[in-house]
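Contents: one structure, followed by commentary.
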Amino acid sequence: MRRYLLLTAIWGASFLLIKLGLEALVPLQVVLARMGFGALVMAVVMVTRREALPRGTRVWGQLFVAANLLNTVPFTLFAYAEQRIPSAMAAICNATTPLFTLVVVMLALPEERPTPRRFAGLALGFVGVFVVLGAWNAAAGPDAIGVGLALAAAVCYAIGGVYLRRTLSKTPYSGLALTTAQLWIGAIELAIVTPAVTDAPAHLPARVVIAMAVLGALGTGLAYALQHALIRSAGATFASTVTYWIPVVSIALGVVVLGERLAWNAPVGAAIIIAGALVSRARTRVVTPVCAVAPLELASWPRGPS
């Protein structure tokens, strides 16, 4: 249970840490910092466990695509989104990931037949999205562009999860090795692009540095190893329920720490979204998030040497 609570706290705090990073950094710099710290931590874990990185041009090409779908692009979208919306709102949008995943599964994997329960869960979940947006009074709702960016990030996670299932789920490499390689690909990619398109921050407060170190080392690094251990000890189904508590933690931290204010429809809509995701759940395996903010319910990582 301690692992479960710790994992929920780490991922629930991710949106708060992104918001703190944006006090002195631009979005691309926030993403570079979190992926850089995460890649370094995972490299240490790899050395400690004496695991080797994947080999083969084909696998690395597939990991490049996965790194962009599950790390670089959605992380960047969330960072830009949090320039316009509260961290709690970004977390609520992230909670739609299981719903979008189910949509992508039904479109991309013909063998996954839709059921009435899935359709009901999807309908309920997307009703929750409309409640969050306050669709009956759009003028008074949250920033549409910010919400759109956050929802686009959730769509990236969904597409990335299906992509993993179709390309890397049967490789002989462990989830740890694939995740580490994926993070390094994204970190190197951002290390090349970010200095070319952004200016160095004029002032870097200590709390921003600490926030980025924690976000990268814990939320984008050790959280994966923690979830893997939770899956092994308690089962994939139980571990996947962490997803549903993340917005609860994020909303609480946003209100208490940052003083964010949310209209009544935001937490109510979040509850409806989570209910829809729970209703639509099928008896499927679970895909490790590959350092995403929240786990995706779809397919398990390959089991390599432990």
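The values are calculated or read from the model by the stated rules, or taken from the named source; none is laboratory data. Worth saying up front: this structure is predicted, and the values here are computed from it rather than measured. Note that we place each Cβ from the backbone using ideal geometry, even for glycine, and neighbour counts take in every protein chain shown.
Within the range 164-172, can one find any residue that is hydroxyl-bearing (S, T, Y), in a helix (DSSP H, G or I) and touching a residue at least 12 places away in the same chain (Cβ under 8 Å)? Yes, some residue in the range 164-172 is hydroxyl-bearing (S, T, Y), in a helix (DSSP H, G or I) and touching a residue at least 12 places away in the same chain (Cβ under 8 Å). Number of residues in the range 70-98 that are touching a Leu at 6+ places or on another chain (Cβ under 9 Å) and more than 21 Å from M212 (Cα to Cα) equals 5. When Q83 is tested against (1) of a type outside the set (A, V, I, L, M); (2) touching a residue at least 60 places away in the same chain (Cβ under 8 Å); (3) part of a helix (DSSP H, G or I); (4) out of contact with any helix residue (DSSP H, G or I) (no Cβ under 6 Å at 6 or more places or on another chain), exactly one condition is not met: (3). Is at least one residue of the range 138-148 in contact with a Lys or Arg (Cβ under 8 Å, 6 or more places away or on another chain) and either modelled with pLDDT of 90 or more or exposed (fewer than 14 other Cβ atoms within 10 Å of the Cβ) (or both)? Among the residues of the range 138-148, at least one is in contact with a Lys or Arg (Cβ under 8 Å, 6 or more places away or on another chain) and either modelled with pLDDT of 90 or more or exposed (fewer than 14 other Cβ atoms within 10 Å of the Cβ) (or both), which makes the answer yes.
Is it true that A95 is modelled with pLDDT under 95, surrounded by 22 or more Cβ atoms within 10 Å (Cβ to Cβ) and more than 24 Å from S233 (Cβ to Cβ)? Yes; evaluated as a whole, the condition is true for this residue.
Scanning the range 53-65 turns up no residue that is crowded, with 22+ Cβ neighbours inside 10 Å, under 14 Å from the mean Cα position of the chain (by Cα), under 23 Å from G161 (Cα atoms) and touching a residue at least 40 places away in the same chain (Cβ under 8 Å). Does any residue of the range 42-51 turn out to be buried (at least 18 other Cβ atoms within 10 Å of the Cβ), part of a helix (DSSP H, G or I) and at pLDDT below 95? Within the range 42-51, one or more residues are buried (at least 18 other Cβ atoms within 10 Å of the Cβ), part of a helix (DSSP H, G or I) and at pLDDT below 95. Just one of V208, V249, V256 is over 21 Å from the mean Cα position of the chain (by Cα), part of a helix (DSSP H, G or I), among the aliphatic types (A, V, I, L, M) and closer than 21 Å to I10 by Cβ; which is it? The unique qualifying residue is V256.
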